[in-house]
């Protein structure tokens, strides 16, 4: 994974505070990661019942293809930050909402 610089000032303008931006992006990253893992598990669960056929190179190739598809995707953290920059992440601040 290559290192990518992030415009921290722009990230700060999204929430008004760099620490809030980090928390929001971390929570969104966790959501994306959970979704990706459940999708991969669902795809790989297809291969669970084919014990004798797993020796077949075609089955191994299909499993490898499904795994590589997810390895080549952007990291959840990178996706979360990109979504924040594009304004696709909804968040609310409970401290200002309830007057804390």
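The numbers here are math on the coordinates, done by the rules we state, and not lab data. From a predicted model like this one, the values you see are computed outputs, not experimental measurements. Counting neighbours? That spans all protein chains shown, and the Cβs are built from the backbone with ideal geometry, glycine included.
Between helix 18-45 and the chain there is an angle of about 20 degrees, using the helix long axis and the longest principal axis of the Cα atoms.
Semi-axes of the equivalent ellipsoid for the chain, computed as √(5λ) from the eigenvalues of its C-alpha gyration tensor and ordered from largest down, come to 39, 16, 8 Å. Based on Cα contacts under 8 Å between residues 6+ apart, the range 8-92 shows a relative contact order of 45 percent.
Legend: calculated FRET efficiency, residue 96 to residue 42, from the Cβ-Cβ distance at R0 = 30 Å, rounded to 0.05, equals 0.15.
State the extension gain, in nm to one decimal, for the chain segment bounded by residue 82 and residue 58, taking 0.36 nm per residue of separation less the distance between their alpha-carbons.
Values: separation 24, 0.36 × 24 = 8.64 nm, distance 3.63 nm.
Stretched fully, the residue 82-residue 58 segment lengthens by 5.0 nm.
So what's the angle, to the nearest 10 degrees on a 0 to 90 scale, between helix 76-85 and the longest Cα principal axis of the chain? The angle comes out near 40 degrees. Model label points for residue 67 and residue 6, set 7 angstrom from Cα along the Cα-to-Cβ axis, are 3.0 nm apart.
With contributions of -39500 (n - 2.57) from each DSSP H run of at least four residues, the per-residue ellipticity at 222 nm computed over the chain stands at -20500 deg cm²/dmol.
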